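One structure is given here, and the rest of the page talks about it.
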Amino acid sequence: MTNDNTRTKANAVFFSVIMVLSMVAVGFAAAPAAAANSGSVTFDDQDLGSDGAVDVEVDSLSGPSGNNVTAVVTYTSGGTTTVAGINTTDVGSPDGTVSVDIGDAGGFPGTHTAHLFNPSTAPSLSVSGTVSTSQANQAFASDTAAVTAQRSAGTGDVYNGSTVYQGEDDLTFIDDDGSTVTPGALQKTAGSAEGTSLQLPIATDAATGTYATSSGFEVIVQEPRITTSEVQISGSGSDVSQVGPDAADNLDIVAEWNFPEAEDLSITVEDPSGTDITGEVVPGSTTLSGGDDSTSLDLSGEDAGEYTVIFEGNDNLDHDEVVEEYTIEFTTDDTVQVEVSEESVTQGENLEYTVSGGTNGQFHTVTIDAEDFRSDNIDDVFRNVGDTSQVGFANSTSNNANPSTADVAYAVVEIDGTTATGSIDAGTLDDASITLDVYEANSSDQVDFSGDSIDDTSFDVESGEITIESPDNQYTIGSQVDINGTATSAEAVDVYVRSNNEWRLLYPDIDVDSADEYEQEEVVLSSPGLNVNTPGADLLSQAGTYRYGVVDHSEFNGSTTVETTAFSRATSTQQSLTTVQGELSAQLETVNGQINTLDNAADITGTAEGQDTIALVYVDSRGNVAAETVDVDDDGTVDVEDNTVPNVGANPNGVSLNEGTVTAHFISQSRDNTVGDGELPTGSASNNVQDLVDWVNNDVTQRSVTGDQARSLIVSETTDDTASDDLMVTQSFRYTESQTTLQSIYPDVAQADGINPVATGETMVVEGMTNLRPDDNSITVEVLNQDGDSLVISSTDEWATSGQWNTSVDTSDLEPGTYVVETDDGENTDRAEVEIVEERDTGSPEFSVSDLNPQDVTVTQGDAIDVSAMIENTGDAAGSQTVEFQVGGNTIASEEVELDAGGSQTVEFTGIDTSSLDAGDYEHGVYTDDDSQTATLTVEAPDTGGDDGASDDGASDDGASDDGASDDGASDDGASDDGASDDGASDDGASDDGSGDGSTDDSTPGFGALVALVALIAAALLATRRRD
């Protein structure tokens, strides 16, 4: 009975315990589902925002609370975790951002942790309150971040990476862990002042750049500058130097500066006597902030005069190098006047005018009468510059007249402040006294010269001047020269040559540029090759002395002939020009070593002293020959342009030479004035160069010989003949069809062979080879889209005899994509595809790691170690990276390293503390973005002086704190806490087995231990029951 009773009671106790523990277990298991959302959190390293908040990113929220979440940010100091900020909010979606205001900045700057809780079951926490481990473990997600700071004006606190300025003082340097850094520990990292310590106050001429400590704290020293310091009419966006009564109370003082985080700007206004009147004329704040600010200015109650606005930092940054001043003239005169900058101006120059005394924003029309126009063939008299809104010609019925029907030329100008400026092109006006009128104001941009003018002024226009710089006083007939000089009075000029009592046109309509210079390059004066009649060229094709003149194109508009008296009265200049015979050489000017069958010609240059003529004999690979004579000038030079390659036998109706390799033989009969031994096969008695040419064309041509045999025949009758003193120069070239190819495309800043990508906005160079002659041909380059539409066209007609040509193409209007570049010389086309890219790859840095020291190393827990490694930039561009020292995958220290391509640097991490590392083996190493080198770090437990570890194996709990019945010591596996006395502080190690390492993704903390406890109690009771 007693046994049954005991058994019954034991069963009751057993099942009661099972129920209680099951309810506890169910409570733990169910709590996360009912009281905690699931999801993840990302807490990035960040600066504390200007609003005093940090951003916490949440992802994949789910659970009964929907998207409601409580975000708690904490920091740990001295072993105590403190709440820095809390925000409970509906994120609105499973993914989003929670902004948490930092109410407790005690851990700032430093490492903070963001925790996510279910709002309905979150622990009761408050800002500045502490957080227990058990409370922290109720979070369903956590993440840590370094929260740093940026400077703010007026505080004097400087953080890691901040900028300081020359002249600053009273600064406190605060490291990422909140500790202060002494200024002297900061040293210049590069440049001529490398190694120099930073001093307070910072000298106004201190070396700019980066200053850093050995531990990685750094600041940047810059020159403080006020970049904008001006007065504007409110809302205008542009500065004004003069203001009248109508706008004096509508002004803004505007400033921009580069040191807003250091200091605000102080504004001072002084009157013409230098007295500070800031309080009288600045109704708003006299302090500007934020780096870009303004305040109002009211001069309406002041006397007329010049006022000075002074801009300077409001603390230390007020030294001379920083201070800026702006002067504005306040005038009480509202009478409209017009003035010109010069009383006299030369035709072709520009004359500035000013309308003053007006009302800001009003419009005035200024005019010049048509009777003062230089001719009916002129462009606008007024230039559309300055404050001008429109220009043109007008009469009583139209504001869009042309010069021949106009009454006036006009400009409409807008008053800015109290003045408006414009400009007149004096080249359009007669050399006379000119009157400039200004008319009443309008509120809109319209032409109005009705009624009388309200003011006028006069200026004199004088004739312009033309000069000749090239050609000089001698010209070689048939040669190319540049026509250039200056023309201050003309938009274009014509060139004439005088014959007796008339001037004959040589070259018409050469433009004059904005620098008053005219130029036409590479002109053959004796044969300009124009599509207009140029009788002056006929004169210069004959040796002699002539008058060469240049005249304003508007005088005669390129008339074929001009009378001498009319030419002299016009704006013109002239000089003497002597023409002489040209030169010829013993060399064909080939292009790329070729003469193409389309041009079928080449220039010949060289010398042949003492000869009147020389022979030129062509021999192709099949033995076909053709010969001709080449004249030699009196001075012994040879210069033949566009010499046509003759047909076989020099027969105009014959066949041409075969394509392929051709040899050209220039032959001189030298001193004896006979060819060879004086007995050519022709039987001629003279045996001169002409006889040699006739023999080649009439005899050698008829023979069935190879090229080598033909050359041997010619040599045997000339240079190799008995007693011959003939001279021969042989040249080989390829006789072939015309050809132009596209070979390379590249940006002008990165020349490269082949087809290369070009970034939009870069100048694209298109390059290739041709055998065409540049004098008579041009190569056009078109950029086509994939639909074949032409987008950009460029061309060139200039290239060297190497045959290599190139032209530049502006890609500013091309979007990134694939385009076709096509070349066309009129006969041949070639094309290639090119990629226009957003940004061209210019290389990248790559940081490698080597020479890790120490490698495998053993230390005692708590020891400090020094680690170093060599970092080398093996990439093809300079760059910077953060180099990290990691232990067990965790970053322990880091340093920013900047290296040029090919550069290297030893990085050292000193005083690495191992006290926070448990005994065991760790992978340690140095890491860059591109590479790493690792080894093994073994941490050994310290010798505790006789402690054998038996008291720390989980069995040292003798059960004294329990009831003595349930804890026999044998079952103590580290979970000796029976749950009844667990207040969160008596955990003796069960929570420190690796599962309590800060992981926040375990939604049921401690549940595994409870299940184990239940299993052990159940096993014990069942064993007791069996014994009973």
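At 7 Å along Cα-to-Cβ for each site, give me the label-to-label distance between residue 121 and residue 815 in nm.
It is 5.5 nm.
Suppose R0 equals 51 Å. What FRET efficiency, 1/(1 + (r/R0)^6) with r the Cβ-Cβ distance, do residue 778 and residue 323 give to the nearest 0.05? Present the calculation step by step, with values, prior to reporting the outcome.
Numbers: r = 59 Å, r/R0 = 1.16.
Working from the Cβ atoms, E equals 0.30.
Would you work out the relative contact order for the chain, in percent, from Cα pairs under 8 angstrom that are 6 or more residues apart?
Working: 2514 pairs, mean separation 57.5, N = 1028.
That works out to 6 percent.
Angle between the Cα long axis of helix 2-35 and the longest principal axis of the chain, 0 to 90 degrees, nearest 10?
Roughly 20 degrees between the two axes.
Quick check: Cα centre of the range 539-565 to Cα centre of the range 837-854, how many Å?
Distance between centres, Cα-based: 68 Å.
For the range 226-330, calculate the relative contact order in percent as a whole number, restricting contacts to Cα pairs under 8 Å that are 6 or more residues apart. Working shown, then result.
Details: 230 pairs, mean separation 34.0, N = 105.
For the range 226-330, the relative contact order is 32 percent.
Please compute the length gained on full extension between residue 300 and residue 371, using 0.36 nm multiplied by the number of residues separating them and subtracting their Cα-Cα distance. Don't skip to the end; give the middle numbers.
On the way: separation 71, 0.36 × 71 = 25.56 nm, distance 4.46 nm.
Result: 21.1 nm gained on full extension.
Would you mind working out the magnitude of the charge dipole of the range 226-330 relative to its Cα centre, with +1 at each Lys and Arg C-beta and -1 at each Asp and Glu C-beta, to the nearest 20 Debye? It would help to have the intermediate numbers written out before the result.
Numbers: 0 positive and 27 negative charges, 54 e Å.
Around 260 debye, computed over the range 226-330.
May I ask you to derive the relative contact order of the range 617-693, considering only C-alpha pairs under 8 Å and at least 6 residues apart, and to give it as an integer percent? Intermediate results must be reported in sequence, preceding the final value.
Details: 92 pairs, mean separation 24.4, N = 77.
Once divided by the residue count of the range 617-693, the mean separation gives 32 percent.
Report the Cα centroid-to-centroid distance between the range 681-744 and the range 765-801 in angstrom, as an integer.
Cα centroid to Cα centroid, the span is 37 Å.
Relative to the longest principal axis of the C-alpha atoms of the chain, give the angle of the C-alpha long axis of helix 707-717, reported between 0 and 90° and rounded to the nearest 10°.
The two axes meet at around 40 degrees.
Nearest 500 deg cm²/dmol is fine: what mean residue ellipticity at 222 nm does the chain get from its DSSP H runs of n ≥ 4 alone, each adding -39,500 (n - 2.57), divided by its residue count? Before the final figure, lay out the partial values.
Values: 9 runs with 101 residues, N = 1028.
Roughly -3000 deg cm²/dmol at 222 nm, from the helical runs in the chain.
Using the beta-carbon distance between residue 280 and residue 515 and R0 = 35 Å, what value does 1/(1 + (r/R0)^6) give for FRET efficiency, to the nearest 0.05? Don't skip to the answer; put the middle values down first.
Details: r = 50 Å, r/R0 = 1.44.
So, using R0 = 35 Å, E works out to roughly 0.10.
Just check the chain against the gyration tensor rule for me: Cα atoms, a ≥ b ≥ c as the square roots of the eigenvalues, rounded for a/c under 1.5, and otherwise prolate or oblate depending on whether a/b exceeds b/c. Before the final figure, lay out the partial values.
Values: a/c = 3.41, a/b = 1.74, b/c = 1.96.
Because a/c hits 1.5 or more and a/b fails to exceed b/c, the chain counts as oblate.
Given the options 319, 297, 260, identify the residue whose Cα lies farthest towards the positive end of the charge dipole of the range 226-330 (+1 on Cβ of Lys, Arg; -1 on Cβ of Asp, Glu).
Going by the Cα projections, it comes out as 297.
If R0 is 56 Å, what FRET efficiency do you get for residue 570 and residue 857 from their C-beta distance, rounded to 0.05?
On the way: r = 96 Å, r/R0 = 1.72.
In this case the efficiency is close to 0.05.
How far is helix 689-698 tilted off the main Cα axis of the chain, in degrees rounded to 10, range 0 to 90?
Helix 689-698 and the main axis of the chain meet at about 80 degrees.
Please compute the modelled spin-label separation between residue 190 and residue 578, points set 7 Å along Cα→Cβ, answer in nm with one decimal.
6.5 nm
Mind checking which of 40, 214, 241 is farthest towards the positive end of the chain's charge dipole, using Cβ charges of +1 (Lys, Arg) and -1 (Asp, Glu) about the Cα centre?
In the chain, that residue is 40.
Grab the Cα-Cα distance for residue 844 and residue 462, subtract it from 0.36 nm times how many residues apart they are, and report the gain in nm with one decimal.
On the way: separation 382, 0.36 × 382 = 137.52 nm, distance 6.20 nm.
Here the segment from residue 844 to residue 462 would lengthen by 131.3 nm.
Arrange the following residues from fewest to most other Cβ atoms within 10 Å of their Cβ: 695, 257.
On the way: 695 23, 257 26.
Going from sparsest to densest Cβ surroundings: 695, 257.
Modelling each spin label as a point 7 Å along the Cα-to-Cβ direction, I'd like the residue 864/residue 258 distance in nm, to one decimal.
Roughly 3.9 nm, to one decimal.
Which of 619, 127 has the fewest other C-beta atoms within 10 Å, and how do the rest follow up to the most? Walk me through the numbers on the way to the answer.
On the way: 619 29, 127 15.
Exposure proxy ranking, most exposed first: 127, 619.
Each reported figure results from applying straightforward, stated rules to the coordinates on display, with no laboratory input. All values derive from a computational prediction rather than experimental measurement. Heads up, the Cβs are rebuilt from the backbone with ideal geometry, glycines too, and the neighbour counts pull from every protein chain shown.
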